[in-house]
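Reading through the structure tokens given below for one structure.
The values are calculated or read from the model by the stated rules, or taken from the named source; none is laboratory data. Keep in mind that this is a model prediction, so the values were computed, not measured. For neighbour counting, all protein chains shown are included, and Cβ atoms are generated from backbone atoms with ideal geometry for every residue, glycine included. These accessible areas exclude ligands, DNA and RNA; they are computed on the full protein's heavy atoms, side chains included. Shrake-Rupley method; radii C 1.70, N 1.55, O 1.52, S 1.80 Å.
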Amino acid sequence: MSEGAGQEKGMRRLYATALELGPLLLFFVANAKWGIFTGTAVFIVATAVALPCYRWLEKRWPIMPLVGGFFVLVFGGLTIWLQDDTFIKLKPTIVNCLFGIILGGGLLFLQRPLLKPIFGAAFKLTDEGWRKLTLRWALFFFVLAAVNEVMWRGFSTETWIGSKMFLSFPLTLVFAFLQIPLLKRYWDGDDNPFASGS
């Protein structure tokens, strides 16, 4: 890969990350200023704008943000319509459990690592590597669901919202970083980007 192509890919990844985090940041700010219901409305609009932008940037519909966005629209809409913030608080639990069930069910019942069709263009792993990575992410999604349940049931709305930015997101980054040894070990081919410096 040329230096220019690498820089372009890096910038696209940066923009994609901004599109994924942007709605959550706006939700955080709007809630602090106007409360949970206005914050939820801002979250819905920001998500509805971010998804087509992601499609334009990546030239494809992102599966996981698309599923998450669908639940933001549904549960956010119920939150505003019924004036009950329980729905928006339950959304991360349901989405993370859904991802965990899909990934785990794919391994258990289909004998297929379903992360491969999603991230196969970014990572070239052996079959064993895909299975292990998929299992780890499936279990981690259940951990995120459990964290959300503890935070919304045991703490204030403001603390729960803060936990999205300052607990769940950092946990996800750390977990993803901890998968680098697996990616390095099970990379399929000689062009292993994780092997540099080893």
- When restricted to Trp56, Trp61, Trp137, Trp81, the only residue over 27 Å from Asp190 (Cα atoms), out of contact with any Ser or Thr (no Cβ under 8 Å at 6 or more places or on another chain) and at pLDDT 95 or above is Trp81
- All positions within region 18-44 that are over 16 Å from the mean Cα position of the chain (by Cα) and surrounded by fewer than 15 Cβ atoms within 10 Å (Cβ to Cβ): Val29, Ala32, Lys33, Trp34, Gly35, Thr38
- Item | Filtered residues of region 116-134 (kept if more than 19 Å from Asp190 (Cα to Cα) and open to solvent by less than 50 Å² (accessible area, probe 1.4 Å)) | Ile118, Leu133, Thr134
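Quick one: how many residues across region 166-190 are touching a residue at least 60 places away in the same chain (Cβ under 8 Å) and either part of a helix (DSSP H, G or I) or open to solvent by 60 Å² or more (accessible area, probe 1.4 Å) (or both)? Can you show your working first?
Taking region 166-190 as the starting set, the residues that turn out to be touching a residue at least 60 places away in the same chain (Cβ under 8 Å) are 168-169, 183, 186-189.
In the following step, the residues that additionally are either part of a helix (DSSP H, G or I) or open to solvent by 60 Å² or more (accessible area, probe 1.4 Å) (or both) were identified as 168-169, 183, 188.
Qualifying residue count, region 166-190: 4.
Within region 120-127, is there a residue that is under 30 Å from Asn31 (Cα atoms), of a type in the set (S, T, N, Q) and in contact (Cβ under 8 Å) with a residue 12 or more places away in the chain? Outline the logic, then answer.
Step one: list which residues in region 120-127 are under 30 Å from Asn31 (Cα atoms), which gives none.
No: region 120-127 contains no residue that is under 30 Å from Asn31 (Cα atoms), of a type in the set (S, T, N, Q) and in contact (Cβ under 8 Å) with a residue 12 or more places away in the chain.
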- Kindly indicate the residue of region 1-52 that is out of contact with any helix residue (DSSP H, G or I) (no Cβ under 9 Å at 6 or more places or on another chain) and of a type in the set (Ser, Thr, Tyr) and also modelled with the lowest pLDDT among those meeting that condition. Ser2
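From the residues in region 138-155 that are closer than 21 Å to Leu114 by Cβ and touching a helix residue (DSSP H, G or I) at 6+ places or on another chain (Cβ under 6 Å), which one is most open to solvent (accessible area, probe 1.4 Å)? First the steps, then the outcome.
Residues of region 138-155 that are closer than 21 Å to Leu114 by Cβ, as a first pass: 138-145.
Subsequent filtering for residues that are touching a helix residue (DSSP H, G or I) at 6+ places or on another chain (Cβ under 6 Å) retains 138, 140-142, 144-145.
Values: Ala138: 3, Phe140: 20, Phe141: 16, Phe142: 84, Leu144: 16, Ala145: 5 Å².
Only one residue fits best here, namely Phe142.
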- Query: Is one or more of the residues making up region 130-141 aliphatic (A, V, I, L, M) and free of Cβ contacts under 8 Å to residues at least 24 places away in the same chain?
  - Reply: no
- Residue identified as farther than 27 Å from Arg136 by Cβ, in contact with a helix residue (DSSP H, G or I) (Cβ under 9 Å, 6 or more places away or on another chain), open to solvent by 30 Å² or more (accessible area, probe 1.4 Å) and not in a loop (DSSP other than H, G, I, E, B) among Leu90, Leu57, Leu78: Leu78
- Message: Conditions first: (1) within 21 Å of Phe175 (Cα to Cα); (2) assigned to a helix (DSSP H, G or I); (3) at pLDDT below 90; (4) not basic (Lys, Arg). Asn96 passes all but one, so which condition is the exception?
- Response: (3)
- Message: Given (1) assigned to a helix (DSSP H, G or I); (2) open to solvent by 90 Å² or more (accessible area, probe 1.4 Å); (3) without any contact (Cβ under 8 Å) to a residue 60 or more places away in the chain, identify the lone condition not met by Glu158.
- Response: (3)
